[in-house]
Every structure is written in C-alpha cells, then in structure tokens.
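Chemist: Right, I'll just put the structure down here and ask away after.
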Amino acid sequence: MSLKIGFIGVGGIASLHIESLKKIEDAEIVSIFDVNRENASKAAESTGAQVMDSAEDVLDPSRIDAVFICTPQFARGNLEELAATRGIHLFVEKPLGLNMEDVRRKERIILDAGIIHSVGYCLRYLDTVQQAKAYLHGRQAHLIQAYRFGGSHPAQWWHQLDMSGGHLVDAVTHQVDMIRYLAGEFHEVEAKFGRVSFDAQQKQGTIYDAGSITFSMEQGTIGSITESCFSVHHSASDVKLFGPDFFVHLSNNGFTLTIVDENQNETMTSTMEPYFEQCKTFIDAIARNTQESILSSYSDAARTLAVTLAANQSSLEHTALQL
Ligand SMILES: NC(=O)c1ccc[n+]([C@@H]2O[C@H](COP(=O)([O-])OP(=O)(O)OC[C@H]3O[C@@H](n4cnc5c(N)ncnc54)[C@H](O)[C@@H]3O)[C@@H](O)[C@H]2O)c1
C-alpha cells in the first residue's frame, strides 16, 4: 500500500525530497502547502498533489500518513507538535529551530506520540561517513579541525540572524553534526563572529560573514571550526580528525574520505545520493514501524542545534559556554 505524504514548505530543499520520493514506489505526495502559492502550484503540478489552504489542512490524518516540514527554521510554529499529536510521521529539516526550549518541548511531544521521526542531517547517510564512523569506533582523536567556506543562501530570511540563526546554525550545522556523529558529544564552546566584509559592502541583513569556534568534547578532544558564508573564491566543507596513530579526513562535504595510518593511505569518494537514501530510509522505517534505521532522530538533531546556539550565545557573552 502506498504511503500518503504531505509537504509544508516547498522551496529549494523540498524540491530535492520531492524528486527522491518520486523514485520511491511506496510513496505518494498528496497534499502541499506553501505561503508562496506559486511554489505550491509548481510542486503540485509536478506531483499531482492537491494544494491546501493552510499547513493545518495538510496535517489531516485522514489524508496523510507522513509529513515533510521544509519551511525555514523561523517558520515552523507548532507544526511538529500538531503532526505528532495527530499520529502523523514526521520528517523535518535541520536546523530544528532557533530556541532550545521550544525544541525540547517538541521533542517530548514527538517521543510521547511514538511516531517515526527523521531530521535532515543527510550526510550521515553517505557510505564515506559510515566508513569513517566504523573506523573511528574505539579510536579517540585528540584534535578535530573543521571548516566550511562558500557563499550565502539567496533567500532574504537566511540573512536575518533572528530567522536563520546565521551560517553556523543553518549550514555549518552539518559539520557540527558530523563531528558529533563521529567523535561524541561537545562539552564546551567559545565563538567569535564578525561581519567586516558585509559591513564594508553595506550588505543587507544581520548575519555574520565569518566565525571562529573553539571547542572541547566530553572525552577531552579539542578542536576548532572556522567558517565564512562570504568566500567568493574558495569553497570547502571538511572535517579532519587527528589521532596518535591515524588521520581521518572527510572533505567535499563528506563525499570524500581519506584514512591514513601505518597500514593504509586510502581515499574513497561516494557516489551515493544522500537525500534519496534519507527519504528511502524514512519511508521504509514507517512501513516497518521502527525508528532503528533512522540516522538522525529529533533528539539527536536537538543536541546538534544546542551546540550551534551555545556558540552564538558564547559570542554575545564573550565567554566559553558549557553544553
Ligand atoms: N538538509 C539540507 O542539506 C538542507 C539544505 C538546504 C536547506 N535546508 C533547510 O531546509 C529549510 C528550508 O530551506 P530552503 O533552502 O528550502 O529555503 P527556501 O527559501 O528555498 O524555501 C522555503 C520555502 O518555505 C516557504 N515558507 C516560508 N514560510 C512558510 C510558512 N510559514 N508556511 C509554509 N511555507 C512557508 C517559502 O515560501 C519557500 O517556498 C531550512 O531550514 C534550511 O536550513 C536543509
């Protein structure tokens, strides 16, 4: 039997999920809502789904089994709670929000409802990331270096700190999540942000153009993350883990993995489509009624958000903050 799916928010990322779902036989997109009617109509045309008048109308358990919430993080309201209390399985994009209290409240409701839930930390589904995780099991890095340099999201909301949380909360969250996935939990973060170039060029918005974050992990590993969303001539998204007898390097947003130790110096590049794997895993998990294969649960994603929000807060308070 085909699983009936609703979409709330059908912008950039939703279109990738829609393309993935079209390739999955057991899934059918039946309802769509977007505040931008044109976006909703386009997505409806390509899927045969019905455009609804409100997000609440999408969340009708007699019409859908699962919902994809792909609105930006400032525009989630109580959608996750509504879905959970109505018994609708939930896929929601990262980052989970901008306020930990709201996210913790939603987490409790989702767990109590017992629905299947998955969050868009898609890079976890790469075979390269899985191989790095397997290799690092039982090994401890003493140093982690991560960075993400590149451009900005074109949408206006992304450039407002109170709507997106900035580059770290919105995009570098993938690297923070990868560090957590591979090396355990963060203990303390201290961050500095600037907007020298944005100011010089009188760019609209309130987000930072550069950030530098230092951190320690619960197991004693220390590290740093540097990031810029205004780097026109150089893009990169890497995580490097240094151990006494190994070096693990995930580059190219996790698609390329190099492992160096006394027995090997191997590089592999993934050909996987992580958005598809993530969608397929979510649909299969619902069919089998088990959360087991989902690689990023709501609770897990909440811990990643907590790290990035603590970094933002640390820069305002000019002090290190513990998680
Ligand atoms: N997992 C990933 O790799 C990944 C990649 C890109 C974006 N994202 C996340 O996905 C979310 C959306 O990003 P995007 O790039 O698709 O943004 P976008 O601006 O391209 O699209 C957002 C869509 O949501 C709609 N929208 C806004 N407010 C709404 C509301 N209240 N109700 C219904 N629809 C509303 C907009 O009209 C637009 O169509 C963000 O949280 C972003 O961080 C995740």
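Chemist: By how many nm would the segment from LEU111 to THR206 grow when fully extended, if each residue of separation counts as 0.36 nm and the alpha-carbon distance is taken off? Mind dumping the intermediate values first?
Modeler: On the way: separation 95, 0.36 × 95 = 34.20 nm, distance 3.48 nm.
Contour length minus the Cα-Cα distance gives 30.7 nm.
Chemist: Treating the chain as a set of equal point scatterers at the Cα positions, no solvent, please give the Debye-formula log₁₀ I(q)/I(0) at q = 0.09, 0.14, 0.15 Å⁻¹.
Modeler: Per q value, in the given order, log10 I(q)/I(0) is -0.47, -1.13, -1.28.
Chemist: Pulled fully out, how much extra length does the chain show between ILE222 and PHE247, if you take 0.36 nm times their separation in residues and subtract their Cα-Cα distance?
Modeler: 7.5 nm
Chemist: While we're looking at this one, here's another question. Checking the cross-link filter: which lysines have an alpha carbon closer than 29 Å to that of LYS203, excluding same-chain neighbours under 8 positions apart?
Modeler: LYS94, LYS192
Chemist: Still on this structure: For region 60-151, what is the per residue volume of the convex hull drawn over the alpha-carbon atoms, in cubic angstrom?
Modeler: Expressed per residue, the convex hull around the Cα atoms of region 60-151 is 167 Å³.
Chemist: OK, next. Binning at 5 Å from 0, report for region 230-323 what percent of all alpha-carbon pair distances ends up in each bin.
Modeler: Result, from short to long distances: 3, 10, 11, 11, 17, 19, 15, 10, 4, 0 percent.
Chemist: Using 7 Å Cα-to-Cβ label points, what is the GLN322/GLN50 separation (nm, one decimal)?
Modeler: Reported label-point gap for GLN322 and GLN50 is 5.4 nm.
Chemist: Can you give me the % of accessible surface on region 122-204 that is carbon or sulfur? Probe 1.4 Å, all protein chains present, nothing else counted. Don't jump to the answer; show the numbers that get you there.
Modeler: On the way: 1830 of 3740 Å².
The computed percentage sits at 49.
Chemist: Next question. When the accessible area of region 230-279 is computed with all protein chains present and a 1.4 Å probe, what percentage of it is carbon and sulfur? Write down the numbers at each step before the final one.
Modeler: Numbers: 1300 of 2680 Å².
Here carbon and sulfur together make up 48 percent of the probe-accessible area.
Chemist: Take each uninterrupted DSSP H stretch in the chain, measure its Cα extent along the helix axis, and return the ones at 27 Å or beyond whose mean Kyte-Doolittle hydropathy is at least -0.5.
Modeler: Span-like helices here: 298-317.
Chemist: Could you do me a favour and compute the accessible area per residue for the chain, 1.4 Å probe, result in Å²?
Modeler: With all protein chains present, the chain gives 45 Å² per residue.
Chemist: As a check on your grasp of the helix formula, calculate [θ] at 222 nm for the chain: sum -39500 (n - 2.57) over DSSP H runs of n ≥ 4, divide by the residue count, round to the nearest 500.
Modeler: -10000 deg cm²/dmol
Chemist: Which of ASN99, SER152, GLY120 sits closest to the plus end of the dipole of region 85-168, meaning its Cα is farthest towards the positive end, when Lys and Arg get +1 and Asp and Glu get -1 on the C-beta?
Modeler: Positive-end residue among those listed: GLY120.
Chemist: Among ALA14, ALA155, ALA83, determine the one that fluctuates most according to a GNM of the chain built with springs between C-alpha atoms less than 10 Å apart.
Modeler: ALA155
Chemist: Turning to a different aspect of this structure: Is there a quick way to get the dipole size of region 3-120? I mean about its Cα centre, with the Cβ of Lys and Arg at +1 and of Asp and Glu at -1; what is the value in debye to the nearest 20? List each step's numbers first, then the result.
Modeler: Details: 13 positive and 19 negative charges, 43 e Å.
Dipole of region 3-120, to the nearest 20 debye: 200 debye.
Chemist: Could you give the length gained on full extension between GLU101 and GLU185, defined as 0.36 nm per residue of separation minus the Cα-Cα distance, in nm?
Modeler: Between GLU101 and GLU185, full extension yields 28.3 nm more.
Chemist: Here's a follow-up. Let's see if you can work this out: charge +1 on each Lys and Arg Cβ, -1 on each Asp and Glu Cβ, no other charges. What is the dipole magnitude of region 181-323 about its Cα centre, in debye to the nearest 20?
Modeler: Dipole size: approximately 500 debye.
Chemist: Roughly how many nanometres apart are two label points built 7 Å out from the Cα toward the Cβ at ALA134 and ALA155?
Modeler: Spacing of the two 7 Å Cα→Cβ label points: 3.6 nm.
Chemist: Within a Cβ distance under 13 Å of ASP102, other residues only, what is the Lys/Arg minus Asp/Glu net charge?
Modeler: +1
Chemist: Let me ask something additional. Using Cα centres only, tell me the gap between region 309-323 and region 93-110 in whole Å.
Modeler: 19
Chemist: Let me ask you something else. Cα extents of region 3-120 along the three principal axes, largest first, in whole Å?
Modeler: Its Cα atoms span 38, 26, 24 Å along the three principal axes.
Chemist: If you don't mind, there's one more thing I want to ask. Any chance you could get the radius of gyration and Dmax over the Cα atoms of region 139-286, in Å?
Modeler: 17.0, 52
Chemist: Dipole of the chain (Lys/Arg Cβ +1, Asp/Glu Cβ -1, origin at the Cα centre): which of VAL172, GLY254, HIS233 lies farthest to the positive side?
Modeler: Farthest along the dipole direction, towards plus: HIS233.
Chemist: Something else: Quick one: pull the percent of accessible area on region 3-120 belonging to carbon and sulfur, 1.4 Å probe, ligands and nucleic acids left out.
Modeler: On region 3-120, the fraction of accessible area on carbon and sulfur atoms equals 46 percent.
The values are calculated or read from the model by the stated rules, or taken from the named source; none is laboratory data. Every value quoted in this text rests on a predicted model; they were computed, and no experiment measured them. Methodologically, a virtual Cβ is constructed for each residue, glycine included, from the backbone with ideal geometry; neighbour enumeration extends over all protein chains shown. All accessible areas refer to the heavy atoms of the entire protein, side chains included, with ligands and DNA or RNA removed. Shrake-Rupley method; radii C 1.70, N 1.55, O 1.52, S 1.80 Å.
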